[in-house]
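> Okay, here's the structure, questions in a sec.
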Amino acid sequence: PNSGGKTIILKLMGLVALMARDGIPIPASSTHVDTPPRVDFFDPVLADIGDIQSVDGDLSTFSGHMLVCREILSNSCRNALVLM
């Protein structure tokens, strides 16, 4: 019921963004004949990987995600790729 492929798409987007940033060629094709494929340059790439959980610190999963969200949004800028 919860296997819609969201995680795979997020990982793929992050991987392509990091590859482009490091100068690794990205194979891509365009559906439009007159428009070449384009991969944007993102700096920084920010992600919520869901590792903030604390049993002894009395921090719920939701609270952990909210703390990460606040940190990501405070560090993001115009050229950032935010994966959540």
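> Restricting attention to the range 45-84, which residues are over 21 Å from K6 (Cβ atoms), outside any helix (DSSP H, G or I) and modelled with pLDDT of 75 or more?
S60, C77, R78, N79
> Sort out which residues of the range 1-44 are closer than 21 Å to C77 by Cα, open to solvent by 70 Å² or more (accessible area, probe 1.4 Å), out of contact with any strand residue (DSSP E or B) (no Cβ under 8 Å at 6 or more places or on another chain) and part of a helix (DSSP H, G or I), and write them in order of number.
K11, L15
The values are calculated or read from the model by the stated rules, or taken from the named source; none is laboratory data. As the structure is a computational prediction, the values presented were derived from the model and not from experiment. With ideal geometry, Cβ positions are generated from the backbone for all residues, glycine too; neighbour counts draw on all protein chains shown. Keep in mind that these areas ignore ligands, DNA and RNA; they rest on the heavy atoms of the full protein, side chains included. Shrake-Rupley method; radii C 1.70, N 1.55, O 1.52, S 1.80 Å.
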